[in-house]
Amino acid sequence: MTIPLLPNAAARHVFLNRHGLAARPSGAGKGGDLANVIDDLGFVQLDSVNTFARAHDMILWSRRQQYRPAALQNLLQSDRAVFEHWTHDAATIPIQSFPYWRLRFQRDGDRLVKQWRNGRRDDFTAKTEQVLRRVADHGPCTSGQVGKDESRGSGGWWDWHPSKTALEYLWRSGQVSVLRRDGFTKVYDLTERVIPQSLRDPRPDVHDTIEWCCVGALNRLGFATAGELAHFWDTVTPAEAKQWCTEALAQGRIIEIDVEGADGKLRRSFAWPDVMDTISAPTQRVRILSPFDPALRDRQRAERLFGFHYRIEIFVPAPQRKYGYYVFPVIEGDRMVGRIDMRRENGRLSVTAFWPERGVAMGGGRVAALRAELARAARFGGCEDVDFAADWIREH
């Protein structure tokens, strides 16, 4: 049987359509419209780095340029349209997904007891009941409000005091939930006081959860290997995703296709049978993306599809950085055209450098489009104006 071929340009179009980067970024960017954006993506990764704007805010702004950060807090705290938990990192997730997080709660709870009991100072398990009682009896709290008699470490997560570790464990195992954020600090309460009962009561079994995870991942990726399906939510195992693909293929629910990469190499993947029925080219809009944008989060897949090699350099010593501490990728239509080093300084957006990708000519039209996007970014970030370094357009 001949395996259908998805050429690279078409693969990019499918992928960008599924990731909300094909149409112009119009829409209210709040309320139900914003909830739909998050649902379309599956989840939005949360990150605290804020040289210009936090990752989750950039992700949402890239798709809805009327979006402002307060809208996401409203979805969490007032509308209860999302909840916070973990995929491969902390994320905001549509509230309707909550029943299918039961498996995640169980697996995270079992795994973290083993990892954290030996990998962190003291024994946090001796504090879990005490911390849970504190939340139950006295209401919402932050990690700074528990274990006040315990010494605070000066290191990172490995040096948390036991009650902070216990509170994090209770969250990861589903016993408490994030009620709201004060700044970027999580405020926790009992899950039964945060999540509606109609979503707490359903208890999907493992089989139903695997089905939900794999279907949801394939819907949002457009095409994927079994490993990529497993990695999307980081809940089911690679073996479980592989078994799902085997059964779905045998049932005729999915097909195999060869996806052409930017280098011409083919990668065997799974897709829905209608994957090639509606392929439309994205609008030629320049957008500045978060380094954690869903379209780029899997660095290897982004490199295969777009020929775009990106590595964040936060943890690289300054003299060894090739680009900068926190550099934003830039896309135009279906092409990654470069990366930009910019930050908010003294109420202004300061642009240090833009490095176009090899083969990308910076003619007047493209420079004007980039400047227009920077002006939009400045308004989003509350900056009065944009300052450009004298030599801001660089060469590799």
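Here are a few things to note about the model shown:
- When the stretch 306-340 is filtered for residues that are open to solvent by less than 40 Å² (accessible area, probe 1.4 Å) and farther than 22 Å from PRO294 by Cβ, only GLY324 remains.
- The stretch 174-197 - residue that is polar (S, T, N, Q) and either open to solvent by 70 Å² or more (accessible area, probe 1.4 Å) or touching a strand residue (DSSP E or B) at 6+ places or on another chain (Cβ under 9 Å) (or both) and, of those, farthest from GLN77 (Cα to Cα): GLN175
- Flag if ASP274 is over 28 Å from GLN175 (Cβ atoms), acidic (Asp, Glu), outside any helix (DSSP H, G or I) and open to solvent by less than 50 Å² (accessible area, probe 1.4 Å): no
- Out of PHE124, PHE43, one residue alone is buried (at least 20 other Cβ atoms within 10 Å of the Cβ), more than 19 Å from the chain's Cα centre (by Cα) and over 21 Å from ASP182 (Cβ atoms). It is PHE124.
- For first residues located in the stretch 123-144 and without any contact (Cβ under 8 Å) to a residue 24 or more places away in the chain and under 14 Å from TRP171 (Cα atoms), partners that are among the hydroxyl-bearing types (Ser, Thr, Tyr) and part of a loop (DSSP other than H, G, I, E, B) and lie 6+ apart or on another chain with Cβ distances below 9 Å do not occur.
- Residue ID - least open to solvent (accessible area, probe 1.4 Å), chosen from residues in the stretch 244-271 that are touching a residue at least 60 places away in the same chain (Cβ under 8 Å) and of a type in the set (D, E, K, R): ASP258
- MET1 meets the conditions (1) surrounded by fewer than 20 Cβ atoms within 10 Å (Cβ to Cβ); (2) closer than 28 Å to LEU305 by Cβ; (3) in contact (Cβ under 8 Å) with a residue 24 or more places away in the chain in every case but one. The failed one is (3).
- The number of residues in the stretch 179-193 being over 19 Å from GLN106 (Cβ atoms) and β-branched (Val, Ile, Thr) comes to 2.
- Residue within the stretch 355-366 that is charged (D, E, K, R) and modelled with pLDDT under 95 present: yes
- Residue pairs whose Cβ atoms lie under 6 Å apart, separated by 6 or more positions or on different chains, with the first residue in the stretch 171-195 and over 13 Å from TRP101 (Cα atoms) and in contact (Cβ under 8 Å) with a residue 60 or more places away in the chain and the second among the polar types (S, T, N, Q) and part of a strand (DSSP E or B), are VAL194/SER177.
- Within the stretch 82-101, being open to solvent by less than 50 Å² (accessible area, probe 1.4 Å) and assigned to a helix (DSSP H, G or I) holds for ILE95, SER97, PHE98, PRO99, TRP101.
- The stretch 198-243, residues that are hydroxyl-bearing (Ser, Thr, Tyr) and either within 18 Å of GLN106 (Cα to Cα) or crowded, with 21+ Cβ neighbours inside 10 Å (or both): THR209, THR235, THR237
- Residue list for the stretch 57-81, restricted to those being open to solvent by less than 10 Å² (accessible area, probe 1.4 Å) and of a type outside the set (Val, Ile, Thr): MET58, LEU60, TRP61, SER62, ARG63, TYR67, LEU75, LEU76
The values are calculated or read from the model by the stated rules, or taken from the named source; none is laboratory data. This one's a predicted model, so the numbers in the text were calculated from it and none came from an experiment. Virtual Cβ from ideal backbone geometry, glycine too; neighbours counted across all protein chains shown. Ligands, DNA and RNA are excluded from the accessible area calculation, which covers all protein heavy atoms including side chains. Shrake-Rupley method; radii C 1.70, N 1.55, O 1.52, S 1.80 Å.
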